[in-house]
Every structure is written in structure tokens, then in C-alpha cells.
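Here is the structure we will look at, set down as C-alpha cells.
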Amino acid sequence: MEEQVSNKQVLAAGLIAGNPKQTDMYLQTSTITLQLPPEASNAVLVKNLYLSCDPYMRGTKTTFGTRLFYSFSPHSPIIGYGVCEVLDSKHPNFKKGDLVWGVTQWEEYSIITTMTDSLFEIEHTDVSLSYYTGLLGMPGMTAYAGFYEVGVPKKGDYVFISSAFGAVGQLVGQLAKLMGCYVVGSAGSKDKVEILKNKFGFDGAFNYKEEKDLNATLKRYFPKGIDIYFDNVGGDMFEAALLNMRRRGRIAVAGMISQYDLDEPQGIKNLVNIIYKQIKIEAFTVYDYYHLYPKFLDTVLPYIREGKITYVEDIAEGLENGPAALEAMFTGRSAGKQVVLVARA
Ligand SMILES: NC(=O)c1ccc[n+]([C@@H]2O[C@H](COP(=O)([O-])OP(=O)(O)OC[C@H]3O[C@@H](n4cnc5c(N)ncnc54)[C@H](OP(=O)(O)O)[C@@H]3O)[C@@H](O)[C@H]2O)c1
Ligand SMILES: *[C@@H]1O[C@H](CO)[C@@H](O)[C@H](O)[C@H]1NC(C)=O
């Protein structure tokens, strides 16, 4: 008989409406055999190393387009992105010892069956493995696709990023600086604003919670207007950005986190600006751009190695701290890209 080991898990307590709270999840210890059964074709058995806390990990109060998967099924482990080590494989693309990132579950060991098409092999391990949950994973790819493919930037452009200290925003701002753009970001605390200016070299940053009139705030930072607005939050900020766009400006909509938890979606009044100023508004999903992942790595990895791109993470140690970490990500308490360390490689 193969050896059974214990498998700590984080499960959803019930159906979750809106942003998850720590109390919507609970811990349980089950057991698992660290070998796949012979009939498990295309499956991989993994040891989870890092788990990612992302804004799509929420209930169904408002729908966010068509999702690949829902993170919360009552009394099942939370589903989300992670970095894992392959312990056993019946999938032709993966073998024992491989490091991968992709869709896994919140537990120590997982058998991945249906989502093996969203696993990426990690080939570069000279950078922090946790980066494959953020900077070099799904959020990083979102930043890259949204900025270059949707934003279509050029040197000298005026670029505004909301939730600029987020997992996506941190990279958008640094890519924009490297391209020679003028970059301003918004974030929800004084500390985050300081890091944007001092560590990431943003030309300006402000705490949106302290601004009374966002239209006037953006006017102050962009007297000549905005060429690219990378939208992560929607709502009032989207409205204010619309009023401050330049002619032929582009709004790349990655997400609208201020809207996900509302009972009634907020209306936008000043849409007429899109015709006055010939603004392009384009929403996108990272899933349509994964074919660019090798090109993305070729661009970003050298910058990381040269120290030209950095990343701030908030790593919660231990699976048992996962539920609090997920809640912290939604409420803005995370001091960087929120990651959960399950085990070291
Ligand atoms: N299109 C895609 O394929 C794709 C892929 C990944 C992510 N996304 C979306 O892209 C956006 C950025 O994702 P991310 O992973 O980098 O997450 P993120 O921006 O770090 O999101 C979490 C942060 O959002 C801010 N926030 C929360 N509620 C807010 C509100 N009502 N108004 C303004 N800010 C609020 C908080 O920071 P503060 O302290 O600044 O308030 C919080 O820490 C999200 O909207 C996400 O849904 C889209
Ligand atoms: C936005 O600000 C501009 C310039 O300060 C001003 O002319 C305009 O009336 C404002 N729009 C709204 C809707 O507040």
C-alpha cells in the first residue's frame, strides 16, 4: 500500500455572496495518497507551495463576465492560482519534480484533473518562486497584455493607473516608466502612495480616499490630460478619468473592483466624452492573451534580473492564515501582492 499523509485544507463554509470574509472559510485535515491511481489519466498530483489571493475569488452577487471557474463550492477546498511542485503525473506535459503555476486548490496536496490545461511549467527559478502567483503569473500577464496590447502606449504618453499598488498595477506602472511615459497612480493608503513614488519611481501618486473631487485631482496631476487610463477599479474613478482623457485616449479596463460588491451597479454620467474626444474603451481578459506568455517572460525577466523591475509582496505564512489573507486583499490591508506560503520547495 502507498503511504497516506495528512492534507490540511481550507474549505468554503457555504455559498458566498460578494467579497469573502475570513469566517466564510474553515480548516480541515483529511488524508491523501501521494501517488496517482493508474486510471487518473491526464491528472497531476502536486504539493502546493504558494497560493494567490486574487479579486476574482469572490461570490456571485454580481457576475464578472464568464469565469473559468468559481473559487467557492460549499465544503470543497477553495480553488485558485498557485505555485506547485509535481509529485506524480499522468499528463504528458508534466513529470515528477517539475515546478508549475496555475489553477490549484487551497490545501497541502492537490490532484489536478480538469484544469491541467491551465498549468504552466516554471522554467526560470533564479527569481523568487512566489513571483509566479503575481509578477510572473496571471496578474503580471494581465498588466502586460492590458498595457501593451490594449493601451498601445508610446514614449511620452500620460498614463494613469488605479489600484496602482495592486498585483497588476505595480507592474503596469513600472512598464510604463520603462517606456518613458509620465505615470501617476492611485491607491488606498499613505504607505502605498509613498512606495509608488519612492520605490517604483512613479511621477505622482495619491490616496483616493483623501480626495474630495477626483475630477479636480486628476486635473491637478494631468493638466494636459490622460492618454492611457489603466482601470482596475471602475466607479467614481472611471467617471473622473473620462472627464480628463485626451483626444484619442485609451482606457484599458482590467477590472472594476469598486463595483463587484455593490447591490446596484453604479451608473456613469459623462459617457458623451467618448465621442467628444474619440476615446477608446476596451475591456480585456488575460485568458485571451496567454499565447503571449513566452514573449512576456522575455520582456520582464531581464528587467527583474537587472533590478529595473521590483515587486512588493505580502506573504502570509501557513495555509491556516489563508482566509485572513484573502479578506485582507479585498479590504486593502495587504501590504503588497497577497500570497500565502504553504510549503517551501
Ligand atoms: N481582466 C482580467 O483578465 C483580469 C485579471 C486579473 C485581475 N483583473 C482585475 O484587475 C484588477 C486588479 O487586480 P489585482 O489582482 O491587481 O488586484 P488589486 O488591484 O490589488 O485589488 C485589490 C485592491 O483593490 C483596492 N480596492 C478594494 N476595493 C476598492 C474600491 N472600492 N475602490 C478602489 N479600490 C479598491 C484595494 O487597495 P486600496 O488600498 O488601493 O484601496 C485592494 O487591496 C481587479 O479589478 C481585478 O478584478 C482582471
Ligand atoms: C471637471 O473639471 C473640469 C476642469 O476643472 C471642469 O471644467 C468640469 O466642469 C468638471 N466636470 C465635472 C462634471 O465636475
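The values are calculated or read from the model by the stated rules, or taken from the named source; none is laboratory data. Because the structure is predicted, anything quoted here is derived from the model rather than measured. Note that each Cβ is placed from the backbone with ideal geometry, even for glycine, and that neighbours are counted across all protein chains shown. SASA here: full protein model, heavy atoms, side chains in, ligands and nucleic acids out. Shrake-Rupley method; radii C 1.70, N 1.55, O 1.52, S 1.80 Å.
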(message) Before I look further, what does the range 138-287 give for accessible area per residue, probe 1.4 Å, in whole square angstrom?
(response) 43
(request) Taking the convex hull of the Cα atoms, report for the range 1-131 its projected area averaged over all directions, in nm². (result) 8.8
(message) Test of understanding: what is the full-extension gain from residue 209 to residue 324, defined as 0.36 nm times their sequence separation minus their Cα-Cα distance?
(response) 39.1 nm
(request) Go through 154-166, 103-115, 26-38 and give me the packing order, highest mean Cβ count within 10 Å leading. (result) 154-166, 103-115, 26-38
(request) Starting from the Cα of residue 269, draw a straight line to each of the lysines and keep only those under 27 Å, dropping any in the same chain fewer than 8 residues away. (result) 61, 209, 212, 219, 224, 277, 280
(request) Could you check how much of the accessible area of the range 74-206 is carbon and sulfur, as a whole percent, using a 1.4 Å probe? (result) 48
(request) Counting only heavy atoms of the protein chains, get the accessible area per residue of the range 10-123 (1.4 Å probe) and round it to a whole Å² value. (result) 45
(request) Please work out the Cα convex hull volume for the range 138-287 and give it in Å³ per residue. (result) 106
(message) Within the range 303-345, what whole-number % of the accessible surface is contributed by carbon and sulfur, with the 1.4 Å probe and all protein chains included in the calculation?
(response) 46
(request) Among the lysines, select those whose C-alpha is under 23 Å from the C-alpha of residue 96, and discard any that sit fewer than 8 residues away in the same chain. (result) 8, 47
(request) Could you rank the peptides 4-16, 331-343, 212-224, 126-138 by their average count of other C-beta atoms within 10 Å per residue, with the highest value first? (result) 126-138, 331-343, 4-16, 212-224
(request) Averaged over every viewing direction, what's the projected area of the C-alpha convex hull for the range 222-345? Give it in nm², one decimal, please. (result) 11.2
(message) Please enumerate, by chain and number, the lysines with C-alpha under 17 Å from the C-alpha of residue 199, excluding those fewer than 8 residues away in the same chain.
(response) 177, 190, 308, 337
(message) One quarter of the convex hull surface, Cα atoms only: what value does that give for the chain in nm²?
(response) 17.2
